[in-house]
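The values are calculated or read from the model by the stated rules, or taken from the named source; none is laboratory data. Since this is a predicted model, take the numbers as computed values, not measurements. Ideal geometry is used to build each Cβ from the backbone, glycine not excepted, and the neighbour counts take in all protein chains shown.
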Amino acid sequence: MKAYQIEPWNNVKRVNLDTYIPPEVEKIAKKVMAHYNMKVRSRKLITSKPDKGGAIWKIKTNKGTRSLKLLHRAPARSKFSVWAQDYIVKQGAKVPALVRTKNKQLYVEMGGKVWIVTDWIQPLKQASKINLKGAKQLCYGLGEFHKSSKGYIPPEEAVKASRLMRWPKYYEKVRTKIGWFRELAKAYKHLPASKRLLSMTDRFEKQASDALTQLEKSSYSKMVAKDEPHWGLVHQDYGWSNGQLGPGGLWVIDLDGVSYDLPIRDLRKLITSTMEDMGRWDVKWARGMINAYHKANPIDRETYEILMIDLSLPNEFYKHVKEMLYHPETFLKREADAVLNGVMKSEKTKWKALKKLWTDKKKFKSGNYTGESSRAKRKKKRSKKKRRQR
Amino acid sequence: MKVLMISTEKLPVPPVRGGAIQTYISGIAPLLSRKHDLTILGISDPGLPDQEKKGNIRYVRVEGGYLDVYKKGVAKYVKKNKNKFDVIHIFNRPRLVLPVRKAAPRARIILSMHNDMFDPEKLDPDEAKKILKEVEKVVTISNYVGRRIRELHHAKPSKFRTIYSGVDLQRFTPLHQSAKARRIRKKLRRQFKLGSRKVILFVGRISPKKGADILVRAMNELKKRHPNIALVIVGGRWFSDDKVSDYTAYVRALAKRSSVPIITTGYVPGEKIHEWFWAGDVFVCASLWQEPLARVHFEAMASELPFITTKRGGNPEVVERNNGVVVDRPEDPKAFVNALSKLLKDKSLRKRMGRNGRSLAEKKYGWKRVAKEVESVWKA
């Protein structure tokens, strides 16, 4: 008989999915905990992903409070993140340490998933969302995190997760999908918001096109020629809840989605969402956030340029209007106006702010990218040395 | 000869979960196994044993899913059996070549290429060069695939050979040849309320590259000229996975507002696909990308359907002897309106094209011919 394989459980009927965990998963959780040198006194579900098959529990043990996690991704992918977390901890970053099993392993693989136990960091509290100081703390912490992720190389058992080469593809995708918004607005032209949406798609499609052109002209291709460990890892889900203030500074949690990338993408997302929350682009804030990050993980001029280009993508428009693909009628009838109001309000200040931010570029030192991979460079050095020895 | 055929890490052989490469291997293996001792190495599957012998073919299955995982299983197996095989034939995974070479330093390695795996985003150009050096022959499923690899890596043309894929000529058959086919056509048409409508058939993954959205957008305009039509879209998004992606949602949202009935069947298992070719009147491949050469063309031809394809990648290579129509600018729905209109208004043209396609398929696109050509590469 094949062992039970954990699958998403969002199709289970007549249960409260917020608190429900399938009994088989509960059973496996107990078996997993038995692999650790600890006596578990209580276990409480903190959050779950029924649609993916993942969960986090807070466990009280004789060794203190810990967290038990069922990682929803395919095991080989999860292992990439687990080993990354261990690497980052060893670099001295403020990331919850993994507790080893009795057999000194980093994780337990059971039910077709990877499970981990980590320290429960306490107390953790959110950085202030309403003053720049809080945003700066968050950005500084992010910089520390990125810096300490550099040099990570996954073990053979893990599959490499990387978005490093995918930037142009992503930009194209944004542009293409804005084209879809246009076609849907045409197909649903009987709804009043369609007209308004249709009057905006050209503008945002052009923004996506322009950003792609700029990316192609930038140092991007030379930068990504450096190997992935040079750049380190992007968190992908970083914000006020996955970066929190705790003992000694800012702690970064929930690392299971980490991937190789130009990690500056995390900072871009944080800036975009912060400006969105404020309802306008504020140069002082954006600058403060970038500088705070720069203090922890210095940005070079080329990276700064990539950050600016990425900010100029119509991220806000794209993210919110994308909902329309799934429920065009509901979206166009009930949500479109509010969404488009928000986007247009932020547009009013975005471009002026970006223009100012672009002028900061010269304050950053060039990274002098040659377009050679780090590996090729090392090789060259070695052969030069050899020649000299001869 | 003793031959090891190595499939990909994505889907098992036989193609119980679909897959072009898996279908290809299973199409030629029975024929080749009459004269040769075959072992097929592929991925494990809950529904299949890890080792079995069926007829003359030995199946060995190792863990797959990710190439990095599969690679290890493949290397281990090859190392253990390095002197057992005269030829190791790897399918569409250039990245398996070097590990296989390391495990079997003296083996003759043949590589079959079904798509763009040699493109720089998928394969480091340095590695690509090494791979091309290690293999004896690169078999490609269209001239386009071979040309593209040669352009990218300046490889020697003599190392390449195009062997077009095939189709099961006993399963994909002309409608008029069997009462069963006509019965099924009727049944499907009743089930999906198609009535007497002319059915425009699309078979393929619902992904942006395949252009189903353009076809849906063409329908409103086409209806003005041909009021009695329907578009049938056969296929899930990604093999047997029916989850809704942004793109699927988009196509569905377009379809909902269409004045022409758009039928989406969802995933249809491989062994049932041929039935839809019986239910259709015109087949369309709407691909926007540089497609290597889609198998559906052979299936349409074998089923005696006239078809429309796009001037992308290897697709136009199958258009000959008036068996179909090539659309030059597939990103424009109007191009499909015109091409479809030409076929829809002319019954005798449709018939002629269908017949030409079937006779071509019988001559060129049966598995027998594919197997014979593959064998000649092994024997070279």
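Descriptive notes on the structure:
- Members of region A:173-196 found to be surrounded by 15 or more Cβ atoms within 10 Å (Cβ to Cβ) and more than 13 Å from chain B (Cβ to nearest Cβ), listed by number: A:Ala193, A:Arg196
- Sole exception among (1) more than 14 Å from chain B (Cβ to nearest Cβ); (2) more than 19 Å from A:Gln236 (Cβ to Cβ); (3) at pLDDT 95 or above for A:Pro123, by number: (3)
- Residue in region A:156-172 that is in contact with a Lys or Arg (Cβ under 9 Å, 6 or more places away or on another chain), more than 9 Å from chain B (Cβ to nearest Cβ), not acidic (Asp, Glu) and not in a helix (DSSP H, G or I) present: yes
- Residue satisfying all of: in region B:180-222; more than 14 Å from chain A (Cβ to nearest Cβ) and at positive phi; surrounded by the most Cβ atoms within 10 Å (Cβ to Cβ) among these: B:Gly204
- Scan region A:73-106 for residues that are outside any helix (DSSP H, G or I), within 22 Å of the chain's Cα centre (by Cα) and either away from every other protein chain (no Cβ under 14 Å) or acidic (Asp, Glu) (or both) and the total you get is 8.
- Scanning region A:65-92 for residues that are among the aliphatic types (A, V, I, L, M) and surrounded by 19 or more Cβ atoms within 10 Å (Cβ to Cβ) gives A:Leu68, A:Leu70, A:Leu71, A:Ala76, A:Val82, A:Ala84, A:Ile88.
- For region B:71-87, the set of residues classified as under 22 Å from A:Val159 (Cα atoms) and of a type in the set (Lys, Arg) consists of B:Lys71, B:Lys72, B:Lys76, listed by residue number.
- Complete set of residues in region A:247-272 that are of a type in the set (D, E, K, R) and within 23 Å of A:Trp167 (Cβ to Cβ): A:Asp256, A:Asp261, A:Arg265, A:Asp266, A:Arg268, A:Lys269
- Cross-chain or 6+ apart pairs with Cβ under 6 Å, region A:343-361 first and over 18 Å from A:Arg301 (Cα atoms), then in a helix (DSSP H, G or I) and aromatic (Phe, Trp, Tyr): A:Val343/A:Phe317
- Filter result for A:Glu24 (in a helix (DSSP H, G or I), surrounded by fewer than 19 Cβ atoms within 10 Å (Cβ to Cβ), touching a residue at least 24 places away in the same chain (Cβ under 8 Å) and not basic (Lys, Arg)): yes
Residue-wise test of (1) among the β-branched types (Val, Ile, Thr); (2) within 23 Å of A:Glu276 (Cα to Cα); (3) within 14 Å of chain B (Cβ to nearest Cβ); (4) surrounded by fewer than 17 Cβ atoms within 10 Å (Cβ to Cβ).
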| site | (1), (2), (3), (4) |
| --- | --- |
| A:Glu305 | no, yes, no, no |
| A:Ile309 | yes, yes, no, no |
| A:Tyr318 | no, yes, yes, no |
| A:Met324 | no, yes, yes, no |
| A:Leu340 | no, yes, no, no |
| A:Met344 | no, yes, no, yes |
| A:Trp358 | no, yes, no, yes |
| A:Glu372 | no, no, yes, yes |
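- Failed condition for B:Lys122, given (1) within 14 Å of another protein chain (Cβ to nearest Cβ); (2) of a type in the set (Lys, Arg); (3) part of a strand (DSSP E or B): (3)
- Close pairs (8 angstrom Cβ cut-off, 6 or more residues apart or separate chains): without any contact (Cβ under 8 Å) to a residue 24 or more places away in the chain in region A:59-88, among the polar types (S, T, N, Q) anywhere: A:Lys60/A:Ser42
- The single condition among (1) in contact with a Pro (Cβ under 9 Å, 6 or more places away or on another chain); (2) surrounded by fewer than 19 Cβ atoms within 10 Å (Cβ to Cβ); (3) among the aliphatic types (A, V, I, L, M); (4) part of a loop (DSSP other than H, G, I, E, B) that A:Ile6 does not satisfy is (2).
- Condition check for A:Glu329: within 14 Å of chain B (Cβ to nearest Cβ), free of Cβ contacts under 8 Å to residues at least 24 places away in the same chain and either surrounded by 22 or more Cβ atoms within 10 Å (Cβ to Cβ) or assigned to a helix (DSSP H, G or I) (or both): no
- Test: B:Leu231 is in contact (Cβ under 8 Å) with a residue 60 or more places away in the chain, surrounded by 17 or more Cβ atoms within 10 Å (Cβ to Cβ), more than 11 Å from every other protein chain (Cβ to nearest Cβ) and farther than 26 Å from B:Thr140 by Cβ: no
- Meets criteria (surrounded by 15 or more Cβ atoms within 10 Å (Cβ to Cβ), in contact with a Leu (Cβ under 7 Å, 6 or more places away or on another chain) and part of a strand (DSSP E or B)) for A:Val117: yes
- Across region B:263-298, the number of residues qualifying as within 14 Å of chain A (Cβ to nearest Cβ) and within 24 Å of B:Met353 (Cβ to Cβ) comes to 1.
- Within region B:266-364, strands (runs of 3 or more DSSP E) holding 2 or more residues that are farther than 17 Å from B:Arg205 by Cβ: B:307-310, B:324-327
- Qualifying residues in region B:78-98 (those that are buried (at least 19 other Cβ atoms within 10 Å of the Cβ) and free of Cβ contacts under 8 Å to residues at least 40 places away in the same chain) - the one nearest to the other protein chains (Cβ to nearest Cβ): B:Arg95
- Qualifying residue in region A:202-217 (condition: within 11 Å of chain B (Cβ to nearest Cβ) and either in a helix (DSSP H, G or I) or of a type outside the set (Ser, Thr, Tyr) (or both)): no
- The set of residues in region B:253-262 that are touching a strand residue (DSSP E or B) at 6+ places or on another chain (Cβ under 9 Å) and either part of a strand (DSSP E or B) or within 9 Å of chain A (Cβ to nearest Cβ) (or both) comprises B:Leu254, B:Lys256, B:Ser258, B:Ile262.
- Every listed requirement among (1) modelled with pLDDT of 95 or more; (2) aliphatic (A, V, I, L, M); (3) touching a helix residue (DSSP H, G or I) at 6+ places or on another chain (Cβ under 9 Å) is met by B:Ile25 save one, (3).
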